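Report on one structure; see the data block that follows.
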Amino acid sequence: MLDKQNLVIESLESPTGNRGMTEQTVHEVYVKMVDYLRLTQSKNTFNRFSDYHYLNIPVSNSTEPVRGIDYIHPVVTPGIDYATAIITKCLMPNGKVNFEFERFTEGDSDQARQATEMVKYMINSKNDSYQIIRDWAQDSLLHKNGIVMLSPVREPITQYKEVEGTKDQLRTFETLAGEKGLTAKRQNMRKIDVNLQGAMQEMMNPDEQESEQESQGNEVSEAIQNNSIYRAKYKLTGYSTNIKIKHVAQHYFVCNPTISNIQDQDFVGFYDPMTIHECKAQFPFVDLEKLADHAAYGPAGAYQAGALENDLALHARDSTPVPGQGVIASQGADRYSRVIMLTTAWIRKDIDGDGEEEIVEACFSGSYILYVKEVDFIPLANMCPKPIVGNFFGYSLGERLVPLQEYATAIRRAEMAFAMQSSTPRIGVNPEFLDAEEIQRGVSAMFILDRKFDPSKHIFEFAPMQGNLAYVQSSMERFDSDKMAMIGMTSPGDVLNPEVMKDGNSGYKLQLAMGPNQLIQDEMVKNCAIGLREVIYIMWKTLVQYSDDYNIQQLANTCLQGQPFLDAKSVENFEFIDRKLINIDLALGFMSDENRLTRQQMIIQAQQGFAQSMMQIDPSVPELFVKVRRPFEDTLRVLGVKDVDAYLPTMDEAAKMAKAKSQQPPTPEQQEMKSKVDLNNAKVGETNAKAGLLAAQTQDIGTDNMFEMMAAKAGKLRAVEID
């Protein structure tokens, strides 16, 4: 498996010849980066065009100043900001990314919940999720697509522990440390005590076979040795992995435009300008001096504050980079303060000769190779609000709004020029009293100081300007409606209501659920949610890859009550496990007071409903408890409750409740009810007894009558006594 770091390859741009696989791969990446960058130059030109309009910077042949008027009517900026706010709010309803992995079976419930909480922690706590989503959405609206990269940053950790115990206990400590992702190295150990009580117990209860084979003295020495207490000092080493979500500048990004899914790309990469110390912070394993000697420095030199071009470069909106350029400008500057161009790319290449292409990730700057390694997937996610079928790059909302900004700017400037000319009095000299020769000599203006000057005859007044500004107002209104239609607001009376955007959540304010704006913006938000789903899935796969690291183990134990990372265990055991089925909460609500009260009422209803259902469970069938509790758990999780046990009784608590209830004495009402039941039972018994006696008496009478009849027929009846 290819995995190399910190290499220097001279003449990277030249043909590889008989070089090794590493040199061949990096050279191919270099050549493809140049070719694909030329292919996407037109895309970058349009993107810069949108950027300048978004920043309200005059653009040649578009919004350049006319007759000193440089006003630009803002259309792109409010449109992009409005759509950015919608996407950000709808992907993060309560200020955080909220989702859950679907479980395959009921037995997968705890495992799916553990994976959900771990990924949530990495996205929301270890990264600034709001800034990431907001910048990602703005980039995709301006530049057709937005790209983010998930980059694991591994940092070595060292802990020192002093442990006391027997040798068996010390070995157990070492085993537990290994299970937690730490390597225990014993530095010293010395004997401090002997557990005499434990030794005596071991001697009094010897193993039968050993007692026959060994002498008494050996048993004593072995018992003392087994119960000797040692104090040992350990150095625990391991790794702490943090997965950073990093924004990729779109104008530095290259890929195959005919492949729509970024995970299926045959080649994809990007340039990343940074200082050498930034590179060292991002990749701690690099050789700083060697990188400074062989890195590709940018032509602009160090960052310079105050220059517009550099400000745009800091916002990733400058021109297309030129790879392979050496030191051109600022040669005398400190090289550690200058900017290098780092190249990161993924290419599909058969590196082991088995006939199947592997994904190879390469990162280099100039002739210095940071790393080349084989990977399982491309850690990039793509957000595209308005996709084009069969293409990687979609539509840009900024490009759609630029023509509106150009026309609106022209109309506003004409209106301003008309207003300024109309409000400024313009007078001149009557041409009848001007002499051409005086005009040529430049003295014609001096005649107004003459005593013969008569304002009523010599001053010429211009006619007032004619125009109808009503057309300007109607045009601007149409531009505003067209701008909102571009964004998705087709109906002026309709408003965005994110509370009903989630599927199946149209119970509240149903009359707004199917508005045209709702449907259009719902589609845009769900397109963006595809990219967020990719981030969640890649984050989960990265956690599985680094599951042996110390902090990942600790996170897994915290998310599921001392359990290891169950998904990683399933992968190790070659069990089927995949987490592509993800349910993302899209704008469940603005967390208004009304929503909070509704949520609290639904939680109380769930508690009361479970309490009533629990009373009907037969104690002899405890398996029913889990099945009855399941729908109430799902309800609370949908409402955002993380610890369901804090709201619903567990199996042990329900058993304790049933036991305590059975041991309680009956209440007066229950005693009264019981006495009434007993009285009714007694009356029923008495009635049954009387009925039985009457039946017996009736049977006796019938028997007597039968015998008397038989005696009469036989002629043996002498007398009949009547009672």
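Miscellaneous remarks
- Listed by chain and number, the lysines whose C-alpha is less than 17 Å from the C-alpha of K233, apart from same-chain residues fewer than 8 away, are K161, K167, K185, K191.
- Alpha carbon Rg of the stretch 144-294, scaled by the compact-globule rule 2.2 N^0.38 Å: 1.93
- For L581, the residues whose modelled amide H falls within less than 5 Å of its own, excluding neighbours fewer than 5 places apart on the same chain, are E102.
- Residue ranking by accessible heavy-atom surface, 1.4 Å probe, largest first, among V571, V163 comes out as V571, V163.
- Highest to lowest packing among 68-80, 1-13, scored as the average C-beta count within 10 Å: 68-80, 1-13
- Exceeding the 18 Å Cα-Cα cut-off - candidates K180/K246; K4/K32; K96/K580; K541/K580; K96/K144: K180/K246; K4/K32; K96/K580; K96/K144
- Pairwise Cα distances in the stretch 363-421 exceed 18 Å in 68 percent of cases.
- Once backbone amide H atoms are built at 1.01 Å from N, L2 has E374 as its partners under 5 Å, excluding neighbours fewer than 5 places away on the same chain.
- Local electrostatic count, Y537, Cβ distance below 11 Å [Lys/Arg +1, Asp/Glu -1]: +2
- Computed from backbone phi, the HN-Hα couplings of the stretch 455-470 come to x, 6, 10, 8, 8, 10, 9, 6, 5, x, 5, 10, x, 10, 7, 5 Hz, rounded to whole numbers (Karplus: 6.51 cos²θ - 1.76 cosθ + 1.60, θ = phi - 60°; Gly and Pro given as x).
- Residues whose amide H lies under 5 Å from that of I229, counting only those 5 or more places away or on a different chain, are I192, D193, V194, N195; hydrogens are built 1.01 Å from N in the peptide plane.
- Cross-linked pairs K235/K280; K89/K126; K349/K569: Cα-Cα separations exceed 24 Å for K235/K280; K349/K569.
- Accessible surface of F479 - all protein chains present, 1.4 Å probe, nearest 10 Å²: 40
The values are calculated or read from the model by the stated rules, or taken from the named source; none is laboratory data. The model shown is predicted, which means the values in this text are computed figures rather than measured ones. Reconstructed Cβ throughout: ideal geometry from the backbone, glycine too, with neighbour counts over all protein chains shown. With ligands, DNA and RNA removed, areas are computed over all heavy atoms of the protein, side chains included. Shrake-Rupley method; radii C 1.70, N 1.55, O 1.52, S 1.80 Å.
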